[in-house]
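Asker: Quick one: the structure is below, questions incoming.
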Amino acid sequence: MGIIYSQFCLDFQIPSEMARLKLRELEQYLGELEGFQEPKVKLEQYETRPHIAACMLHTIEASFGDLDGKLVADLGCGTGRLSIGAALLGAQLVVGFDVDADALNVCKENIAEMELDNIDTILCDVREITLRDKQAPFDTVIMNPPFGTSSKGIDMEFLRVALSLTRGPVYSLNKSTTRKHVLKKAQQYGVKAQVIAQLRFDLPATYKFHKKDSVDIEVDFIRFCNN
Ligand code: SAH
């Protein structure tokens with residue numbers, strides 16, 4: 001599948017042969033997980049492909065040390081690919097949030113299959129998450145949110161909530177065509193945004209309205225941070 005993987009390698013030298021192996025292993029594990037059974041177009045259910053998920057998570061850990069031993073939230077976790085990957089890279093606890101019970105059922109099966117006991121799932125609309133006290137509960141937030149094709153503006157609502165859940169970094173995938181808007185929003189929210197890599201998502205023809213076998217879209221992998 002076509003992603004600009006080399007960009008990860010160029011920007012972030014993978015430190016050792018061992019880490020390289022780990023990346024390959026991670027991709028292999030993530031490739032074995034079950035996907036959405038009947039993806040819901042309204043909820044923009046597209047899984048992050050194993051290769052992209054593995055590169056993204058590996059970069060988060062190898063270049064920034066933001067997973068190992070951390071409390072991690074995964075917003076719009078779907079079938080759990082990012083949550084499970086984060087757990088495999090040493091997160092202390094991962095909490096996956098999704099509005100779709102069917103997706104979470106698959107997610108729970110995937111977690112059980114991987115024999116992981118450090119991932120919780122919460123069925124809720126991410127936009128409605130509110131904090132009881134002011135303290136942000138998570139160290140790191142990861143997400144491949146809906147891009148806003150069905151529900152305009154939802155990507156930025158996810159970002160707003162993500163930033164409220166952590167004083168640390170938020171790692172997100174966003175459509176490259178919205179980059180200007182996303183960077184402007186980040187400025188409004190008072191956080192720094194760093195585009196780590198641009199990826200080519202080759203979306204398979206999951207939905208009936210897709211006329212071609214697959215559609216390529218450019219996606220930014222962005223790190224938002226308070227400092
Ligand atoms: N993170 C997963 C799935 C990405 S698809 C992966 O990387 O593979 C986007 C996910 O967001 C879907 O699982 C969808 O059900 C979920 N979603 C869409 N709108 C939502 C909302 N308002 N609140 C919570 N989850 C939502």
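Asker: Filter the stretch 46-56 down to residues that are in a helix (DSSP H, G or I) and open to solvent by 10 Å² or more (accessible area, probe 1.4 Å) and give me whichever is farthest from the ligand (Cβ to nearest atom).
Answerer: Residues of the stretch 46-56 in a helix (DSSP H, G or I): 50-56.
Restricting the remaining residues to those that are open to solvent by 10 Å² or more (accessible area, probe 1.4 Å) gives 50-51.
Working: Pro50: 10, His51: 12 Å.
That would be His51.
Asker: Another question about this same structure. Are any residues in the stretch 141-155 open to solvent by 10 Å² or more (accessible area, probe 1.4 Å) and more than 9 Å from the ligand (Cβ to nearest atom), and if so, which ones?
Answerer: Gly148, Thr149, Lys152, Gly153, Asp155
Asker: Find the residue count for the stretch 170-184, including only residues that are within 22 Å of Thr140 (Cα to Cα), of a type outside the set (A, V, I, L, M, F, W, C) and open to solvent by 50 Å² or more (accessible area, probe 1.4 Å).
Answerer: Qualifying residue count for the region: 3.
Asker: Of the residues Phe158, Phe147, only one is hydrophobic (A, V, I, L, M, F, W, C) and either under 10 Å from the mean Cα position of the chain (by Cα) or assigned to a loop (DSSP other than H, G, I, E, B) (or both); which?
Answerer: Phe147
Asker: While we're looking at this one, here's another question. Across the stretch 57-81, which residue is nearest to the ligand (Cβ to nearest atom) among those that are touching a helix residue (DSSP H, G or I) at 6+ places or on another chain (Cβ under 7 Å), of a type in the set (A, V, I, L, M, F, W, C) and within 21 Å of Ala136 (Cα to Cα)?
Answerer: Ranking the candidates gives Cys77 first.
Asker: I want to confirm something. Restricting to the stretch 82-104 and keeping residues that are within 11 Å of the ligand (Cβ to nearest atom) and outside any helix (DSSP H, G or I), which single residue is most open to solvent (accessible area, probe 1.4 Å)?
Answerer: For the stretch 82-104, the residue satisfying everything is Val99.
The values are calculated or read from the model by the stated rules, or taken from the named source; none is laboratory data. Quantities reported herein were computed from a predicted structural model and do not represent experimental measurements. Cβ sites come from the backbone with ideal geometry, for glycine too, and all protein chains shown count toward neighbours. Note: areas computed on protein heavy atoms with side chains; ligands, DNA, RNA excluded. Shrake-Rupley method; radii C 1.70, N 1.55, O 1.52, S 1.80 Å.
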